[in-house]
1. So, in the range 103-136, exactly how many residues are of a type in the set (Phe, Trp, Tyr), modelled with pLDDT under 95 and either loosely packed, with under 12 Cβ neighbours inside 10 Å or not in a loop (DSSP other than H, G, I, E, B) (or both)?
2. Mind checking which residues of the range 377-414 are without any contact (Cβ under 8 Å) to a residue 24 or more places away in the chain and at positive phi?
3. Please indicate, with yes or no, whether at least one residue in the range 375-395 is surrounded by fewer than 21 Cβ atoms within 10 Å (Cβ to Cβ), basic (Lys, Arg) and closer than 30 Å to residue 303 by Cα.
4. In the range 73-84, is there at least one residue being among the hydroxyl-bearing types (Ser, Thr, Tyr), open to solvent by 10 Å² or more (accessible area, probe 1.4 Å), over 13 Å from residue 425 (Cα atoms) and not in a helix (DSSP H, G or I)?
5. With the requirement that a residue be open to solvent by 70 Å² or more (accessible area, probe 1.4 Å) and within 22 Å of the chain's Cα centre (by Cα), what does the range 398-433 give you?
6. Just the residues that are in contact (Cβ under 8 Å) with a residue 24 or more places away in the chain and farther than 29 Å from residue 209 by Cβ, please, taken from the range 415-442.
7. Of all residues being small (Gly, Ala, Ser) and open to solvent by less than 20 Å² (accessible area, probe 1.4 Å) in the range 200-212, which is farthest from residue 272 (Cα to Cα)? Just the residue, please.
8. Criterion first (without any contact (Cβ under 8 Å) to a residue 12 or more places away in the chain and surrounded by fewer than 22 Cβ atoms within 10 Å (Cβ to Cβ)) does residue 154 satisfy it?
Amino acid sequence: MLAALCGCSDVDRGINPPLQQGTRNSGYDLSEINASGGRSDILILVAFSGGGKRSAAFSHGALRGMRHVPVRLGGPPSTLLAEIDQIGGVSGGSFSAAHYALYGERSFETFPQDFLHRDIAAYVWGTYLLPWQWGWLASPGVGTNDRMTEVYDDHIFRGATFRDLMARGRPRLSISATDLASGAAFPFLPHAFDVICSDLARFSVARAVAASNGFPLLFTPITLANHRGPDCDAPLPVNLSVMPMLAEYNRRRLLEVVARMADRDRTPWLHLLDGGISDNLALRASLNFAILGGTDEQDFVERAQPVRRILIISVDGQSATDPALSRQRMINGLVQIFDAVSGAQIDNYNLETLAVTAAEVDRMVERQRSNRCRHARTIDGRPCEDVQGRLVHVSLADHPDPVLRDRLRRIPTGLTLPREDVELLVAAGETVMRNNRDIAAFLGGEDAPGGRLRQRR
């Protein structure tokens with residue numbers, strides 16, 4: 001009766017398609033994106049954190065603010081928004097990142113009605129309470145997040161695939177989920193899909209966002225099939241046959257993850273959950289690419305030769321910890337306990353991610369100087385050693401009004417928020433971005449020390 005009520009479910013519905021033999025995922029590499037439009041001497045990566053609709057609203061406001069941040073640096077006048085080369089998102093931040101990457105300026109008009117003011121939580125409840133939505137009970141190949149994929153597709157992304165994103169060009173979209181087996185970040189990017197020999201161009205944007213927002217226990221994982229085998233000759237991002245035994249820990253860990261994913265016998269399936277588990281700042285996808293040597297590949301080196309300014313902006317919509325917990329004799333609420341534990345873990349991990357990213361920006365700057373100077377003493381009229389980089393972290397804590405700042409940081413995550421809270425968060429994101437002196441100074445031509453993390457509290 002249940003199967004008849006819900007309809008016959010295809011157990012392979014939504015499975016990622018394989019690459020055709022003799023092909024690879026191309027046309028969406030970061031070096032190609034940087035060279036395809038905007039200023040070629042600036043590389044700008046923006047990352048939106050997890051944090052439910054709170055983070056989505058805050059990051060949407062930050063995008064609005066970027067329209068008013070000028071870019072000078074001796075070239076034609078431009079804006080920060082126009083010069084973004086990659087926009088990354090995780091969990092709640094993946095909605096605003098994907099929507100802007102797909103719709104561009106139109107997102108400022110439609111994202112509020114498509115997502116921010118929509119009662120997404122009602123669809124979550126409906127997945128569990130409405131019998132005609134119980135297809136996930138009738139078939140082992142269908143999960144609760146398949147239902148949410150349909151919701152996101154119907155109301156937000158309207159059937160779009162990564163081919164549509166590739167056709168738009170800049171900024172490149174980077175969405176991250178977490179591989180349940182390894183606990184590592186899995187990015188929906190060409191080099192990751194090459195490892196499992198899957199065609200990223202035909203993959204659903206809504207499904208990638210659902211994976212990134214797949215909160216554990218509430219949603220089932222989004223599953224990818226590993227198509228690597230004798231008929232696949234897509235290149236791996238690294239040469240695993242020369243994996244050094246004494247490699248630094250981060251690099252060795254990444255090599256081990258890639259090796260496991262590239263072995264179909266060991267890993268025929270990948271099960272993806274919320275990206276915030278492995279990286280709630282959405283920085284790891286780009287960081288891992290750099291650590292594995294992608295920025296040293298010849299194609300990247302050649303195309304990125306004009307780059308002399310590297311800017312990474314971490315837009316963090318996380319909430320504050322609750323000091324009131326220490327004044328309570330007993331804490332019995334499961335939600336309260338889970339929020340406190342997960343929030344503390346995420347905050348601690350975020351600090352480590354920021355530190356590692358800042359160090360990697362330093363290394364990127366040094367490599368870029370070396371690559372440019374090997375080519376010529378001057379490039380486009382600038383000295384080859386004229387390369388600077390910076391990581392800037394902006395968050396709700398940067399808002400200048402202490403009373404409003406405290407209120408903003410106490411807004412819960414969730415997928416449905418009151419309209420008033422949404423509007424406050426959007427306005428806060430715009431204010432914080434427009435008033436950030438570190439970003440304005442870096443893009444205005446003032447000298448900036450390479451890679452130094454700028455974080456104002």
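The values are calculated or read from the model by the stated rules, or taken from the named source; none is laboratory data. Note that the coordinates shown come from a computational prediction; the quantities given were computed from them, not determined experimentally. Neighbour counts are summed over all protein chains in view; Cβ atoms, including those assigned to glycine, are modelled from backbone coordinates with ideal geometry. All accessible areas refer to the heavy atoms of the entire protein, side chains included, with ligands and DNA or RNA removed. Shrake-Rupley method; radii C 1.70, N 1.55, O 1.52, S 1.80 Å.
1. In the first step, residues of the range 103-136 are kept if they are of a type in the set (Phe, Trp, Tyr); the result is 103, 108, 111, 115, 123, 125, 128, 132, 134, 136.
Filter once more, keeping what is modelled with pLDDT under 95: 123, 125, 128, 132, 134, 136.
Of the ones still in play, those that are also either loosely packed, with under 12 Cβ neighbours inside 10 Å or not in a loop (DSSP other than H, G, I, E, B) (or both) are 123, 125, 128, 132, 136.
Qualifying residue count, the range 103-136: 5.
2. Of everything in the range 377-414, just one residue is without any contact (Cβ under 8 Å) to a residue 24 or more places away in the chain and at positive phi, namely 381.
3. Taking every residue of the range 375-395 in turn, at least one turns out to be surrounded by fewer than 21 Cβ atoms within 10 Å (Cβ to Cβ), basic (Lys, Arg) and closer than 30 Å to residue 303 by Cα.
4. Looking through the range 73-84, at least one residue is among the hydroxyl-bearing types (Ser, Thr, Tyr), open to solvent by 10 Å² or more (accessible area, probe 1.4 Å), over 13 Å from residue 425 (Cα atoms) and not in a helix (DSSP H, G or I).
5. Listed by number, the residues that qualify are 409, 412.
6. 435, 438, 440, 442
7. Here is the first cut: in the range 200-212, the residues small (Gly, Ala, Ser) are 201, 204, 206, 208, 210-212.
Pick out the ones that are also open to solvent by less than 20 Å² (accessible area, probe 1.4 Å) and you get 201, 206, 208, 210-212.
On the way: 201: 19, 206: 14, 208: 9, 210: 9, 211: 6, 212: 8 Å.
Once the filter is applied, the top-ranked residue is 201.
8. On the way: without any contact (Cβ under 8 Å) to a residue 12 or more places away in the chain: yes; surrounded by fewer than 22 Cβ atoms within 10 Å (Cβ to Cβ): yes.
Here the answer is yes, as residue 154 does meet what is asked.
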